[in-house]
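Remarks on the structure that follows.
The values are calculated or read from the model by the stated rules, or taken from the named source; none is laboratory data. None of these values were measured; they are calculated from a predicted model. As a convention, Cβ positions derive from the backbone with ideal geometry for all residues, glycine included, and neighbour counts pool all protein chains shown. To get the accessible areas, we keep the full protein, side chains included, count just its heavy atoms, and leave off ligands, DNA and RNA. Shrake-Rupley method; radii C 1.70, N 1.55, O 1.52, S 1.80 Å.
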Amino acid sequence: AAMAPPRSSRGRRALRFAVPALLALAVAWAVLRPGRESPSPAGTAPKSLAVLPFRNLSSLPGGQVIGEGLMEIVSARLAGMPGLQVVTPTAVVAAADKDSEFSHLAKTLGANLILHGTFQRQGDRIRIAYAIVNPINRQSVAAGTLDGTASDLFLLQDRLAENVSQALKLPRRAPRTPKPAGLEGAGAQERYVQAIGHLQRYDRPTSVDEAVRLLEALARENPSSAIVQAALARAYLARFNLTRDSEWLGPAAAAGERARQLDPGSPEVSSTLGELYLRTGKAAQAVTVYGAALAAQPNNFDATLGLARAYDAAENAVRSEETYNRAIRLQPGYFGGYSKLGGFYFNRGRWDDAATAFQKVTQLTPDNARAFANLGACQFALGRFDLALAAFQKSLALDPTDLAWSNIGTVQYYLGRYPESAAAFEKALSLVRTHYENWSNLGDALRLIPDRRKEAAAAYAKGIQLARTELATNPDDAQIRSYLALCLAKTGKAAEAREHLRQALQPGTDRPEILFNAAVVTNRIGAPADAVAYLGRAVRAGFNPAIIRNEPELSNLRNRDDFETVLRQHPEASSR
């Protein structure tokens, strides 16, 4: 049974962590780049503001897309204000889709202020009405209206940001840079805002396709616009994330590079490149560009999380943990930072710490299905199968996704309930058929059901095919290689399995799930002594012995004299 880290990157034998999509493409994409911001004065916590999508009061078809685009652009503009923390727009859209009650939204987002508003268009004229409210007592802090033209939306959002800054009595900021070049043509700014609105729905193929169409046209008309090129790179990356087709990575990188050449100091461009580098396994470059984004905007929450991920990918665990905690200090009431930190702890085998982080997420957002899925993954890793199953069932009740079914299938597998496990994996695959982990896991369960054993080969073959596709995109991903090695070993391809395992076992690796996978692979290809040695390394790195004892692939090792000896090497063995 394969052990892999959670999904949002990948999956853990189906315990595919559902870390929220906060960073899938969720960086602040500013229209008007602010000057260098200053940290808040010592001892004063910054105000935390959530900007809601602007409601469309016009009869324009698709006008709400403009409202979501305005939300992101205004958020990015305000993010440059000293003394103010702005909640990441992607999180706001996800929360606002579920709830319109200000107090609940504020709690979910960790905000103590909410900016909401409307926009209305008549001909070329646009009116924006806005209000800043205290979400607890719903008292208005400030309100107003702004009038302008559709051809100069940037000026409107800039005036709105200035009004908000004055209303909140924020420190004066450095002078803003001039309006970005390249979007002066007829309708250009409006189409750009529409494209940004579509990218808020990066999980919807039709929205991403429309964003690509708009941005490609703008790029042809305005080749000197850095913000268009950065948004186009982001749109291509969104298309890659949806299709898993690596052909989109080249255009994304080209657009990102054009944006960098046009505006090398832009934090938005740096964050775009950081995500591209992370998606293509270039960790060192990701560290550099996220660092550049933070040099311009030290309190940028999304870029801070991006830098933490980059340090993690570069195997700099100390700096990664420090940076995750810095992000949490920037927005302590928002669950996203705790969730990412929990994922970091999980992948390092620090499951008690991970469980604490995800418990915090469930407290901040008790209706968060992914938080319960992640908490269940931690309980599973700690060998608490009943608690894990309860957490996963809670997740399933809140949101019956493929992930929830997949996680339940995993626990049932380790409880020895193979028909129930296979049924859960089949339910997951009926919802999403492109995750190689679920195909391989289904093969594991089917192989242990006597009257369905012959079906396992086809499931493994599909898992191998999909894993190879993933590996072509990111050949340095040790987790994919270890998982592919498992599938190959289980289908009799020992030589190829051994080669992928060799490449997965990077020098000095201490990732417990990869070491566990190495044990299963070597045991399958007839090297039980090597398997026990890998188990010893996995256990010393924190891998829970309860999972090893319940793994059918290792049943032949249980009578060896050294089997229990290595399991007792677990760091917490003395307290068991």
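What residue, among those in the range 509-536 that are under 23 Å from Phe344 (Cα atoms) and open to solvent by 10 Å² or more (accessible area, probe 1.4 Å), is modelled with the highest pLDDT?
Only one residue tops the list, namely Tyr534.
Can you pull out the residues in the range 53-67 that are in a loop (DSSP other than H, G, I, E, B) and either buried (at least 20 other Cβ atoms within 10 Å of the Cβ) or modelled with pLDDT under 85 (or both)? Show your work before the answer.
Restricting attention to the range 53-67, the residues satisfying the condition of being in a loop (DSSP other than H, G, I, E, B) are 53-54, 57-62.
Within the range 53-67, Pro53, Phe54, Ser58, Ser59, Leu60, Pro61, Gly62 meet the criteria.
Here are the criteria: (1) in contact with a Pro (Cβ under 6 Å, 6 or more places away or on another chain); (2) open to solvent by less than 10 Å² (accessible area, probe 1.4 Å). Tell me which single one Arg370 does not satisfy.
(2)
Keeping to the range 378-394, report how many residues are open to solvent by 30 Å² or more (accessible area, probe 1.4 Å) and not in a helix (DSSP H, G or I).
Final tally of qualifying residues: 1.
Do the conditions hold for Gly123, that is, is it modelled with pLDDT under 85 and in contact with a helix residue (DSSP H, G or I) (Cβ under 7 Å, 6 or more places away or on another chain)?
So Gly123 does not fit the description; no.
Can you tell me how many residues in the range 395-420 are part of a loop (DSSP other than H, G, I, E, B) and under 22 Å from the mean Cα position of the chain (by Cα)?
At the first step, the residues of the range 395-420 found to be part of a loop (DSSP other than H, G, I, E, B) are 399-401, 415-417.
Subset that is under 22 Å from the mean Cα position of the chain (by Cα): 399-401.
The number of residues fulfilling the criteria is 3.
Would you mention how many residues in the range 150-170 are touching a residue at least 40 places away in the same chain (Cβ under 8 Å) and either under 32 Å from the mean Cα position of the chain (by Cα) or under 13 Å from Ile73 (Cβ atoms) (or both)? Before the answer, list the steps.
Looking only at the range 150-170, we keep the residues that are touching a residue at least 40 places away in the same chain (Cβ under 8 Å), and these are 150, 153-154, 157-158, 160-161, 164-165, 168, 170.
Checking which are either under 32 Å from the mean Cα position of the chain (by Cα) or under 13 Å from Ile73 (Cβ atoms) (or both) leaves us with 153-154, 157-158, 160-161, 164-165, 168, 170.
Residues flagged as touching a residue at least 40 places away in the same chain (Cβ under 8 Å) and either under 32 Å from the mean Cα position of the chain (by Cα) or under 13 Å from Ile73 (Cβ atoms) (or both) within the range 150-170 amount to 10.
Just the residues that are among the basic types (Lys, Arg) and closer than 23 Å to Leu153 by Cα, please, taken from the range 61-111.
Step one: filter the range 61-111 for residues among the basic types (Lys, Arg), giving 77, 98, 107.
Residue satisfying the conditions is Arg77 alone.
So, in the range 339-359, exactly how many residues are outside any loop (DSSP other than H, G, I, E, B), touching a helix residue (DSSP H, G or I) at 6+ places or on another chain (Cβ under 7 Å) and open to solvent by 40 Å² or more (accessible area, probe 1.4 Å)? Walk me through it before giving the result.
Going through the range 339-359, the residues outside any loop (DSSP other than H, G, I, E, B) turn out to be 339-347, 351-359.
Those left that are additionally touching a helix residue (DSSP H, G or I) at 6+ places or on another chain (Cβ under 7 Å): 339-342, 344-346, 351, 353-355, 357-359.
Among the residues that remain, those that are also open to solvent by 40 Å² or more (accessible area, probe 1.4 Å) are: 353, 359.
Matching residues across the range 339-359 total 2.
I want to confirm something. Restricting to the range 81-135 and keeping residues that are assigned to a strand (DSSP E or B) and of a type in the set (S, T, N, Q), which single residue is surrounded by the most Cβ atoms within 10 Å (Cβ to Cβ)?
Ranking the candidates gives Gln85 first.
Quick grid of which residues meet (1) touching a Cys at 6+ places or on another chain (Cβ under 7 Å); (2) open to solvent by 80 Å² or more (accessible area, probe 1.4 Å); (3) at pLDDT 90 or above:
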residue	(1), (2), (3)
Ala143	no, no, yes
Gln157	no, no, no
Arg172	no, yes, no
Tyr192	no, no, yes
Ile196	no, no, yes
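What residue, among those in the range 285-315 that are closer than 15 Å to Leu341 by Cα and among the small types (Gly, Ala, Ser), is most open to solvent (accessible area, probe 1.4 Å)?
Result: Ala313.
To keep it simple, each residue is scored yes or no on (1) loosely packed, with under 15 Cβ neighbours inside 10 Å; (2) in contact with an Asp or Glu (Cβ under 8 Å, 6 or more places away or on another chain); (3) within 22 Å of Gly443 (Cα to Cα).
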residue: Lys462; (1), (2), (3): no, no, yes
residue: Ala467; (1), (2), (3): no, no, yes
residue: Ile480; (1), (2), (3): no, yes, yes
residue: Leu484; (1), (2), (3): no, no, yes
residue: Ala489; (1), (2), (3): no, no, yes
residue: Lys493; (1), (2), (3): no, no, yes
residue: Ala497; (1), (2), (3): no, no, yes
residue: Arg502; (1), (2), (3): yes, no, no
residue: Pro507; (1), (2), (3): yes, no, no
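Out of the range 202-226, which residues are open to solvent by 70 Å² or more (accessible area, probe 1.4 Å) and in contact with a helix residue (DSSP H, G or I) (Cβ under 6 Å, 6 or more places away or on another chain)?
Pro205
Report, ordered by the first and then the second residue, all pairs with beta carbons closer than 7 Å, sequence separation of six or more or different chains, a first member in the range 446-473 that is more than 28 Å from Trp248 (Cβ to Cβ), and a second member that is of a type in the set (S, T, N, Q) and outside any helix (DSSP H, G or I).
Ala457/Thr491; Tyr460/Thr491
Return the residues of the range 420-440 that are open to solvent by 70 Å² or more (accessible area, probe 1.4 Å), farther than 18 Å from Leu396 by Cβ and touching a residue at least 24 places away in the same chain (Cβ under 8 Å); say none if nothing qualifies. Give the derivation first.
Filtering the range 420-440 down to residues open to solvent by 70 Å² or more (accessible area, probe 1.4 Å) leaves 420, 427, 430-431, 433-434.
Filter once more, keeping what is farther than 18 Å from Leu396 by Cβ: 433-434.
The answer is Thr434, and nothing else.
Let's see how each residue does on (1) open to solvent by less than 40 Å² (accessible area, probe 1.4 Å); (2) of a type outside the set (S, T, N, Q); (3) over 19 Å from Glu470 (Cβ atoms):
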{"residue": "Val228", "(1), (2), (3)": "yes, yes, yes"}
{"residue": "Leu249", "(1), (2), (3)": "yes, yes, no"}
{"residue": "Ala255", "(1), (2), (3)": "yes, yes, yes"}
{"residue": "Arg279", "(1), (2), (3)": "no, yes, no"}
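This table checks each residue for (1) under 19 Å from Phe380 (Cα atoms); (2) in contact (Cβ under 8 Å) with a residue 40 or more places away in the chain; (3) among the polar types (S, T, N, Q).
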site: Gln506; (1), (2), (3): no, no, yes
site: Leu535; (1), (2), (3): yes, no, no
site: Ala541; (1), (2), (3): yes, yes, no
site: Ile547; (1), (2), (3): yes, yes, no
